Amino acid sequence: MSQYISERVTPVHYRLLKDLYLDAFNLRIDVTHIQKRFDTSELGCEQIGFITIHTETGMAVAYFGVFPMKAMVGNNVIRVAQAGDVMTHTAHRKRGLIIELARSTYDECKRKGIKILITQPNKKLYHGLVKSLGWTHIDEIIRWDLKLKFKTLPLAKIASRSGVFKKIYLKYAAYVLKNMIIEAPPFFNNTIPTDYIKIVRDSAYLQYKKSRNNFFLKIEKLTIWVSLVDVFWIGDFDSFENITPAGLRKIKKIAFLLGFNSISFNLNRSIPLPEILKNFRISRMENSCFFYIDKEFEGKNFLLTAADFDTW
């Protein structure tokens, strides 16, 4: 392994990560976006991650890291973190690089007082996390989809292919939503009764997640956090009790006008789907896995919706 060196990720590595994103995920991402994504200092702790560099070429060939957040356990706030963007260069796979980086990340998380790590790994990563790195599979997160009865022109998908058209589309979206868009609340969590751990979505968290695609909407008494991506994606509802048939019809109309043929939201499989949303259907399911740094919390589950994902 002398051909590799591992280092704690700092801003000087962002340009190397840019190239690794492209190779591992075929994702073109600029340094400014990486900098914003990795700046979690306002969430209670700076981002923690480690990178492997190939000494001969100077390229980044592997990365494992977590995005720290605050979470509520009963009446207590603890530090947790979500693993994201785990990646290995296609020419350097099956060499155990991620295992070494993960263990370094665990050690640093322990030093920083982080109690639990969470993730929804893809199929390739799942085996390594559970079989080799000590993660526990507790639940699944379902993506629930509602297909609109009447189809519309997929404006959002068309806009995603052109930077110029994307700007025009977002202006159009802002116009359609102008009477519903509200300022981000000081705190946004679903009031669903559960003893599951919840991510603290305070003003710092909402600011961190702010983007030009995301909007808070007020529809009757209901507040929803939406993202305009390939679907009309609802990050969360403030309360399932505030969803009415009339409000749901308005959401469908909004989605139609914005060029979406599907409305989606995410919820734990272990939490019953509210009756008002019974027409939504399972689109896909992802494993919800945890690494308990502090064994006091062993076996604890999290209430997770799209607004908690590292991709939100």
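Here is a yes/no grid of residues against (1) under 25 Å from LYS112 (Cα atoms); (2) free of Cβ contacts under 8 Å to residues at least 40 places away in the same chain; (3) open to solvent by less than 80 Å² (accessible area, probe 1.4 Å):
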{"position": "PRO11", "(1), (2), (3)": "yes, yes, no"}
{"position": "LEU17", "(1), (2), (3)": "yes, no, yes"}
{"position": "ILE29", "(1), (2), (3)": "no, yes, yes"}
{"position": "SER41", "(1), (2), (3)": "yes, yes, yes"}
{"position": "GLY49", "(1), (2), (3)": "yes, no, yes"}
{"position": "HIS54", "(1), (2), (3)": "no, no, yes"}
{"position": "ARG93", "(1), (2), (3)": "no, yes, no"}
Evaluation of GLY84 against (1) modelled with pLDDT of 95 or more; (2) closer than 23 Å to ALA60 by Cβ; (3) open to solvent by less than 30 Å² (accessible area, probe 1.4 Å) (one fails), failing number: (1)
Cross-chain or 6+ apart pairs with Cβ under 8 Å, region 212-223 first and surrounded by 16 or more Cβ atoms within 10 Å (Cβ to Cβ), then of a type in the set (Asp, Glu): PHE216/GLU183; LEU222/ASP238; THR223/ASP238
Enumeration of residues in region 170-211 that are in contact with a strand residue (DSSP E or B) (Cβ under 8 Å, 6 or more places away or on another chain), of a type in the set (Ser, Thr, Tyr) and without any contact (Cβ under 8 Å) to a residue 40 or more places away in the chain: SER203, SER211
Residues of region 278-293 classified as crowded, with 16+ Cβ neighbours inside 10 Å and either charged (D, E, K, R) or not in a strand (DSSP E or B) (or both), total: 3
Subset of region 156-176 (residues that are in contact with a Phe, Trp or Tyr (Cβ under 9 Å, 6 or more places away or on another chain) and buried (at least 18 other Cβ atoms within 10 Å of the Cβ)): ALA156, ALA159, ALA173
In region 294-312, the residues that are aliphatic (A, V, I, L, M) and either in a helix (DSSP H, G or I) or open to solvent by 60 Å² or more (accessible area, probe 1.4 Å) (or both): ALA306, ALA307
Within region 126-142, tally of residues that are surrounded by fewer than 19 Cβ atoms within 10 Å (Cβ to Cβ) and outside any loop (DSSP other than H, G, I, E, B): 10
Wholly within region 1-118, helices (runs of 4 or more DSSP H) carrying at least 3 residues that are within 30 Å of PHE297 (Cβ to Cβ): 31-38, 97-111
Where a residue in region 285-298 is within 21 Å of LYS112 (Cα to Cα) and at pLDDT 95 or above and its partner, wherever it lies, is of a type in the set (Gly, Ala, Ser) and open to solvent by less than 60 Å² (accessible area, probe 1.4 Å), with Cβ under 6 Å and at least six apart: none
Residues located in region 46-86, provided they are in contact with an Asp or Glu (Cβ under 8 Å, 6 or more places away or on another chain), among the aromatic types (Phe, Trp, Tyr) and more than 23 Å from LYS198 (Cβ to Cβ): PHE50, TYR63
Complete set of residues in region 84-125 that are small (Gly, Ala, Ser) and over 11 Å from PRO68 (Cβ atoms): GLY84, ALA91, GLY96, ALA102, SER104
Test result for LYS151, among the basic types (Lys, Arg) and either closer than 30 Å to ILE271 by Cβ or assigned to a helix (DSSP H, G or I) (or both): no
Filtered residues of region 143-155 (kept if surrounded by fewer than 17 Cβ atoms within 10 Å (Cβ to Cβ) and either hydroxyl-bearing (Ser, Thr, Tyr) or within 17 Å of the chain's Cα centre (by Cα) (or both)): THR152
Qualifying residues in region 56-72 (those that are within 20 Å of the chain's Cα centre (by Cα) and aliphatic (A, V, I, L, M)) - the one surrounded by the most Cβ atoms within 10 Å (Cβ to Cβ): VAL66
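The values are calculated or read from the model by the stated rules, or taken from the named source; none is laboratory data. Everything quoted here is computed from the prediction, not taken from an experiment. Methodologically, a virtual Cβ is constructed for each residue, glycine included, from the backbone with ideal geometry; neighbour enumeration extends over all protein chains shown. Note: areas computed on protein heavy atoms with side chains; ligands, DNA, RNA excluded. Shrake-Rupley method; radii C 1.70, N 1.55, O 1.52, S 1.80 Å.
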